[in-house]
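The values are calculated or read from the model by the stated rules, or taken from the named source; none is laboratory data. Quantities reported herein were computed from a predicted structural model and do not represent experimental measurements. Cβ coordinates were reconstructed from backbone atoms using ideal geometry, including for glycine residues, and neighbour counts include every protein chain displayed. Each accessible area value is taken on the protein alone, full model and side chains, heavy atoms only, with ligands, DNA and RNA left out. Shrake-Rupley method; radii C 1.70, N 1.55, O 1.52, S 1.80 Å.
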Amino acid sequence: MKIIGFSASPRKEGNTAWIINKILEGAKEQGAETSAFSFSDLDIKPCRGCWACHKGDQGCVIKDDMQKIYDALEDADAIVFGSPVYMGQMSAQGKIFTDRLFARFSPRFSPFFKENAVKQKLILSFNQGNPDSSLFQVYFDYTRHMFEVLEFDVKEVPVVTGMRNEPAHEREDLHTVMKDIGSALVSEPFQE
Ligand SMILES: Cc1cc2nc3c(=O)[nH]c(=O)nc-3n(C[C@H](O)[C@H](O)[C@H](O)COP(=O)(O)O)c2cc1C
């Protein structure tokens, strides 16, 4: 099973990266093949809205680092996408990535439009400074729904709060919780 992690934080070694790495660690211990991308390292430009990906036959025409992500996504069984909460939403880097997924959802290119196609599993992880977990719940539920509409099989939406007071790596409780999420991703049976 191939699992790819994406960190949408500009902080390469921040809370988001730590959380994603823990989830991937749990998955790897169950035999998954894991890899990770940090948007802090990548040049991913915003969608131009040219529709070339839907009209032409060459996919997205923006030749930047998103091209290697499109390739990597081709044979991924599961994705772990993590973003810090910025002003109540995912980061700008996360939104740019999400918009660029539009090119993947052309019926012409996407295997996910084929009948009986196996959906890619998704863990959608958020973390925020504020300790109140209910503050942005509406947004998290909305985003889960948005990815489900895009044919992802959203398994979990872990929201880690209180990062303002204690960074993720200092939170003893998170080690096991995050690894268990990764482990469950591998051990759960595939959707038929
Ligand atoms: C520009 C910006 C906006 C933020 N907005 C919020 C917010 O609306 N609510 C919140 O609880 N935390 C907010 N935070 C705090 C981050 O979500 C939190 O520190 C997060 O753990 C950072 O993740 P990282 O270490 O991976 O970058 C914000 C931080 C920044 C830099």
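Observations on the model:
- Whole-angstrom gap from the stretch 8-46 to the stretch 139-162, using each part's C-alpha centre: 17
- Restriction of the GluC sites (Glu not before Pro) in the stretch 11-59 to DSSP coil positions whose beta-carbon has at most 14 other beta-carbons within 10 angstrom yields Glu13.
- 5 angstrom amide H check on Ile79, placed H, neighbours 5+ away: Ile4, Lys121, Leu122, Ile123
- Accessible area (Å², 1.4 Å probe, nearest 10) - Lys12: 110
- Of the beta bridges in the stretch 1-132, as assigned by DSSP with both residues counted there, near 5 percent are antiparallel.
- Stretched out straight at 0.36 nm per residue, the stretch from Leu73 to Lys55 would grow longer than its current Cα-Cα span by 4.4 nm.
- Dipole check for the chain: with +1 at the C-beta of Lys and Arg, -1 at the C-beta of Asp and Glu, and the Cα centre as origin, the magnitude is about 660 Debye.
- One decimal place: the segment Ser187-Phe105 gains 26.8 nm when fully extended, by the rule 0.36 nm per residue minus the C-alpha distance.
- A 1.4 Å probe run over the protein chains yields, for the chain, 51 Å² of accessible area per residue, whole-number rounding.
- Span-rule helices in the chain, defined as complete DSSP H runs reaching 20 Å or more along the axis (Cα) with Kyte mean at least -1.0: 15-29, 172-187
- Computed [θ] at 222 nm, helices only, for the chain once each DSSP H run of length n ≥ 4 contributes -39500 (n - 2.57): -10500 deg cm²/dmol
- In terms of distances greater than 21 angstrom between alpha carbons, the cross-link table entries Lys2/Lys22; Lys12/Lys45; Lys12/Lys155; Lys22/Lys155 yield Lys12/Lys155.
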